[in-house]
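Working notes, beginning with the structure itself.
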Amino acid sequence: GVKVYAVDRMETAVRESDAISSAASKIKVPRFETDWFKPGAFLGISSDVYLTDDFWQTSRVVADNWKMHVEWREETLRLPEKERKFPLYEDLHKLIIDGRIQDSDIIEMGDIVNGSVEARERDEQPVTYITGGMGIEDSAWGYAVYQEAKAKGLGQKLKLWDKPLWF
């Protein structure tokens, strides 16, 4: 029941979409222009993108776990300047460092889920959801891979210890 069609440019796809998801390698980081997005559009990103400062500043930025992103920034800032490379969302972190956005402006997804914060302040405000990946996602994926391998009779048992140390 969903209509899907190809377009020749990313700009066209973004302009015609209410929700956009971007996951790309560092080899070719996608660039999005502010005027490409419909009012109230949702942008989900799990890798670097180029967004204008204006878009970062006017969008409702929601994070999977903002404290994790802050820790990454603080770790990066402890490096010598010539070695600094933010793992994700460098433009956003630079806006925060420059005082143009505050850490408190970033909303936690959990706060939206539990109803303590609205996803957007007004209907036409874009929402940008940033993820960095969390251990629980890795654990869930690892368990699914394990179950699939077990069902197919793949792999071998690996004995790591005779008795767990924490019991």
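The values are calculated or read from the model by the stated rules, or taken from the named source; none is laboratory data. For clarity, every value in this text was computed on a predicted model and none was experimentally measured. Note that each Cβ is placed from the backbone with ideal geometry, even for glycine, and that neighbours are counted across all protein chains shown. To get the accessible areas, we keep the full protein, side chains included, count just its heavy atoms, and leave off ligands, DNA and RNA. Shrake-Rupley method; radii C 1.70, N 1.55, O 1.52, S 1.80 Å.
3J(HN,Hα) along segment 66-75, derived from phi through the Karplus expression 6.51 cos²θ - 1.76 cosθ + 1.60 where θ = phi - 60°, amounts to 4, 4, 5, 5, 5, 4, 4, 4, 5, 4 Hz, with x in place of Gly and Pro. Between helix 135-152 and the chain, what is the angle of the helix's C-alpha long axis to the longest principal axis, kept within 0 to 90° and rounded to the nearest 10? Its long axis makes an angle of about 50 degrees. Taking amide H atoms as placed 1.01 Å from N in the peptide plane, the amide H of ILE107 lies under 5 Å from those of VAL61, VAL62, ALA63, each 5 or more residues away in sequence or on another chain. Rolling a 1.4 angstrom probe over the protein heavy atoms with all chains in place gives the chain an accessible area of 70 Å² per residue. Summed over all non-identical Cα pairs, the Kirkwood treatment of the chain gives a radius of 18.8 Å. Computed about the Cα centre, the dipole magnitude for segment 14-79 is approximately 140 debye when only Lys and Arg (+1) and Asp and Glu (-1) carry charge, each at its Cβ. Set the Cα radius of gyration of segment 21-64 against 2.2 N^0.38 Å, with N its number of residues, and you get 1.13.
For ILE20, the amide hydrogen comes within under 5 Å of the amide hydrogens of PHE42, LEU43, GLY44, counting only partners 5 or more places away or on other chains and with H modelled in the peptide plane. Using R0 = 45 Å, the C-beta based FRET efficiency linking GLU33 and LYS152 works out to 0.45. Across segment 109-151, Cα-Cα pairs more than 11 Å apart make up 75 percent of the total. Expressed as a whole percent, the accessible surface of segment 78-167 that belongs to carbon and sulfur atoms is 55, based on a 1.4 Å probe.
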